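The values are calculated or read from the model by the stated rules, or taken from the named source; none is laboratory data. Please read these numbers as outputs of a predicted model, since none were measured by experiment. Areas reflect the complete protein model, heavy atoms only, side chains present, ligands, DNA and RNA absent. Shrake-Rupley method; radii C 1.70, N 1.55, O 1.52, S 1.80 Å.
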Amino acid sequence: QVQLVESGGGLVQAGGSLTLSCTASGRTLSTGATAWFRQAPGKEREFVGSITRSGITPYADSVKGRFTIPRDNAKNTVFLQMNSTQPEDTGVYYCAYGDQGEGYKYWGQGTQVTVSS
């Protein structure tokens, strides 16, 4: 059974930093792709960024240059480092994992991030 657990959400002031963690069991994250998505109140879920098996990290334009997605293979954990946060970054953040060649089949339960102005 594959399980993804996010942690690290909370309240941060605009301009501040926050780091989210996504720890997996039942899968080795470095063998596939892990992505972060977010959903703001009243809006559809959107792609934030991902890290592929080979370490490539595409990002949404809205977070490019502010967010990074490192991976710690020893801890089987992927992070979302959020810098220069903006109120528009508020939402529930989800990590998702997909084996190579597949879509994001496995999802975490989400963690709330609130950026105050």
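Using C-alpha pairs below 8 Å separated by at least 6 residues, the relative contact order for the chain is 36 percent. Accessible surface for the chain, divided over its residues, is 51 Å² per residue with a 1.4 Å probe.
Need one word for the range 25-74: rounded, prolate or oblate. Basis is the Cα gyration tensor (sqrt eigenvalues a ≥ b ≥ c); a/c below 1.5 gives rounded, then a/b vs b/c decides. In terms of gyration-tensor shape, oblate.
Cross-link partners for Lys75 among the aspartates and glutamates, with Cα-Cα distance under 16 Å and sequence neighbours closer than 8 places in the same chain left out: Glu6. For the range 55-97, the Kirkwood estimate of the hydrodynamic radius, built from every pair of different alpha carbons, is 11.7 Å.
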